[in-house]
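See below for the structure under consideration.
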Amino acid sequence: MSSPWRGNAERPQCVILPAMLQSAEYARHVFEGVPGSSPDAVGRAVAARVDRQSVLYEPGRESVFVLTEAVLRTWPGSPALMLAQLDRLLAVESLSTVRLGVVRTHPDDDPALGTPLDPDRYDYRAAVLWNAHAGALWARFTTYLRQQLASRAGITRSALRDCLKVSYAKVAEYQRRGAVHFHAVIRLDGPDGAEDAPPAWATTELLADAIRTAARLAETPGPVLDGHAYAFRFGTQLDVRPIHSADFAGTSELSSRAVAAYIAKYATKGAETAGTLDRPVRNPITDLIGSGVTDHARRMILTCWHLGALPELEDLRLRKWAHMLGFRGHFSTKSRAYSVTLGALRQERADHNEALTRERAAEAGHPLPDPDTVLVLSHWRFAGTGLTDAETWLATTREPSSGSEGDAAA
């Protein structure tokens, strides 16, 4: 028998029904697939499984089962076996003590992906406010991270600054549902920056543990709307992995080059991947007509517009960032010490363009002077005196306003 799990490493799916729902024939087929199983052992296992299912019929005891669609589409045996198993599911589902649900499997291009199961009950306010506060939550996280590192080292935060620097590069990505989440590379450097080694106690394990704790503790307060106080924190889906230098990529599943490519992928994705606009909203009525935005993104944009009219949310500038579904941050940010600064990159680009211009001017026989040369222009040319015809007309037709300069006092 093949493995009861299938799918990729990120989203494995079990394709075997829960034991409490299996028919005797289905359970027998499952046990017969176990290597080394004997007929007697299979018979005892099937009898024990069927006996355990008696709890489904006990009054006052409720059971809830949620199946994936893949379970129902996978036949572990013959069609007749699966047909009998479906009859078993219908019989169990008819019991007043049992609730049975099926999670639908969607293809990657299904437009239903990223949309609420019930739009009328979906909390669009919270979704928009999450995006608007995501940047502030990240700032809180970095503060807690430094606190956790200092606590684990047994030193104060001010002493931590003398030992190391926390450097990071962060990319914000929109999920299909329009919520922002972050991908970040976090590194511990010595006090002098990237070229300086951190202290020996600043290990990868210590950093990973501090990240998990800081992510759990970080919280930023939100507004109070209709008596409900909002607060925002990270969820439980936190994936922390060590990154090794590209020089050691052969012994690591995650190299620095792979991470660079991973981050670069998100640098090319915008909010339009969530079904929204790629430009600011000036008028939510005319701008959304024929725009092609999804119904879900439309409701988030309109929620931004409505909340943006509230005086207490003026600082969030939700109307200005409605096309970004409330998120006001840049898609990519980094700490100053993480790598070369953008200012340095701009200066390098300007120097390159200047050198290229000088090279071309020299090739054309008109070399440019040295940048430090002070040019004194002593050539003058007569331009003229008086007013032009248009200026003369303006001066003669304009009447000075009462009380302006030049009027005589009465």
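The magnitude of the dipole of the chain, with charges of +1 and -1 set on the Cβ of Lys/Arg and Asp/Glu and taken from the Cα centre, is near 1060 debye.
Across all directions of projection, what mean area in square nanometres is found for the Cα convex hull of the range 5-103? Write down the numbers at each step before the final one.
On the way: hull surface 28.3 nm².
Mean projected area of the Cα convex hull: 7.1 nm².
Sorting 128-134, 216-222 by their mean Cβ neighbour count within 10 Å, with the most densely packed peptide first, gives 128-134, 216-222.
Determine the sum of side-chain charges near V281: Lys and Arg each +1, Asp and Glu each -1, restricted to other residues whose C-beta is under 10 angstrom from that of V281.
Working: positive: R279, R282, R319, K320; negative: D287.
Neighbourhood net charge equals +3.
Using only DSSP helix segments of four residues or longer, with each worth -39500 (n - 2.57), what per-residue ellipticity at 222 nm results for the chain after dividing by its residue count and rounding to 500?
Numbers: 11 runs with 148 residues, N = 410.
Only helices count here, giving -11500 deg cm²/dmol.
Let's test the formula: R0 of 35 Å, r as the Cβ-Cβ distance of W393 and R279. What FRET efficiency results, to the nearest 0.05? It comes out at approximately 0.20.
For the chain, the residue among F382, S63, V240 whose Cα projects farthest onto the positive side of the dipole built from Cβ charges is S63.
From most to least packed by mean Cβ count within 10 Å, the peptides 226-236, 144-154, 184-194, 305-315 give 144-154, 184-194, 305-315, 226-236. A simple charge model with +1 on the Cβ of Lys and Arg, -1 on the Cβ of Asp and Glu and nothing else charged puts the dipole of the range 124-334 at about 420 debye relative to its Cα centre. For Cα extents along the principal axes in Å, computed directly from the structure shown, the correct entry in [x] 85, 56, 41; [y] 116, 61, 52; [z] 73, 51, 40 is [y].
Of the trypsin sites (Lys or Arg not before Pro) in the range 8-106, which ones lie in a loop per DSSP and count no more than 15 other C-beta atoms within 10 Å?
Taking the range 8-106 and a limit of 15 other Cβ atoms within 10 Å, the loop trypsin sites (Lys or Arg not before Pro) found are R61, R104.
Within the shell of other residues whose beta carbon sits under 9 angstrom from the beta carbon of L307, the net charge comes to +2, with Lys and Arg scored +1 and Asp and Glu -1. Computed from point charges on the beta carbon alone (+1 for Lys and Arg, -1 for Asp and Glu), the dipole magnitude for the range 285-410 about its Cα centre is near 820 Debye. Sorting the segments 280-291, 31-42 by their residues' average number of neighbouring beta-carbon atoms within 10 angstrom, most packed first, yields 280-291, 31-42.
Where does the charge balance sit around R328 when Lys and Arg score +1, Asp and Glu -1, over other residues with C-beta under 14 Å from its C-beta? Provide the component values of the computation, followed by the final result.
On the way: positive: R317, R319, K320; negative: E314, D315.
Overall, the nearby charge balance is +1.
Each value in this text was obtained by applying a stated rule to the coordinates, not by laboratory testing. What you are looking at is a predicted structure, and each value in this text was computed from that prediction instead of being measured. Virtual Cβ from ideal backbone geometry, glycine too; neighbours counted across all protein chains shown.
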